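Student: Pasting a structure here, questions to come.
Derivation of every value follows stated rules applied to the coordinates shown; laboratory data play no part. This is a predicted model, so every value here is computed, not measured. Note: ideal-geometry Cβ built from the backbone for every residue, glycine included; neighbour counts use all protein chains shown.
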Amino acid sequence: MSQRCAKGDWVMIHQIILEPHERSKDIPEDTAKVPLEAWIKGWANDSAEVGQEVEITTPSGRITKGRLVEVNPGFTHTYGPAVPELNPIAQELRAVLKEAKNRG
């Protein structure tokens, strides 16, 4: 089953920015062995199937091309696990602000 985007769909593309032989000689050896890659989100300027090249317009207005890897990609970033020491800060801050408001 193939996935297809239509013009205007939110998509993610993949690009090879630099092949290993094009990379700087001043980077670590293990890094120099692999290509420099980018995954970029934007709106498709044409229809395409996953795996095909497609041109997109990014949220900043830049137009670029790459291999379509996902249609309607989500956001998967995280700020990591909760830090227990930070949990009481919101309640403490509310108390301080309430006290300052009552004084003022």
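Student: Would you mind checking the tilt of helix 89-103 against the longest principal axis of the Cα atoms of the chain, expressed as 0 to 90 degrees and rounded to 10?
Tutor: That works out to roughly 50 degrees.
Student: Go through the range 1-86 and name the trypsin sites (Lys or Arg not before Pro) that are in a DSSP coil and have 15 or fewer other Cβ atoms within 10 Å of their Cβ. Walk me through the numbers before you get to the answer.
Tutor: Numbers: sites: Arg4, Lys7, Arg23, Lys25, Lys33, Lys41, Arg62, Lys65, Arg67; in loops: Lys7, Arg23, Lys25, Lys33, Arg62.
For trypsin sites (Lys or Arg not before Pro) across the range 1-86 that sit outside H, G, I, E and B with at most 15 neighbouring Cβ atoms in 10 Å, the list reads Lys7, Lys25, Lys33, Arg62.
Student: Each label point is 7 Å from the Cα along the Cα-to-Cβ direction; what then is the distance between the points at Lys41 and Arg4, in nm?
Tutor: Taking the simple label geometry, Lys41 and Arg4 are separated by 2.5 nm.
Student: Here is a further query. Calculate the FRET efficiency for Arg94 and Asn72 from the Cβ-Cβ distance with a Förster distance of 30 Å, rounded to the nearest 0.05. Intermediate values should be presented prior to the final figure.
Tutor: Details: r = 38 Å, r/R0 = 1.27.
That pair, Arg94 with Asn72, gives E of 0.20.
Student: Additional query: Under 20 Å from the 7 Å Cα→Cβ point of Ile16, by amide nitrogen: which residues of the range 46-80?
Tutor: The answer is 50-56, 64-70.
Student: Also, quick follow-up: Between Glu55 and Asp26, 0.36 nm times their residue separation minus their Cα-Cα distance comes to what? Intermediate values should be presented prior to the final figure.
Tutor: On the way: separation 29, 0.36 × 29 = 10.44 nm, distance 3.23 nm.
Length gained between Glu55 and Asp26: 7.2 nm.
Student: OK, next. With a cut-off of 8 Å between alpha carbons and a minimum separation of six or more residues, what is the relative contact order of the chain in percent?
Tutor: Values: 163 pairs, mean separation 29.5, N = 104.
That works out to 28 percent.
Student: Only Lys, Arg, Asp and Glu count, each charged at its Cβ (+1, +1, -1, -1), so figure out the dipole size of the chain about its Cα centre, rounded to 20 debye. List each step's numbers first, then the result.
Tutor: Values: 13 positive and 15 negative charges, 125 e Å.
Magnitude of the dipole: close to 600 debye.
Student: GNM, the chain, Cα, under 10 Å: largest mean-square fluctuation among Ile27, Ile63, Ile13?
Tutor: Result for the chain, Cα springs under 10 Å: Ile27 fluctuates most.
Student: Roughly what percent of Cα-Cα pairs across the range 1-72 reach past 14 Å?
Tutor: Numbers: 1473 of 2556 pairs.
Here the tail beyond 14 Å accounts for 58 percent of pairs.
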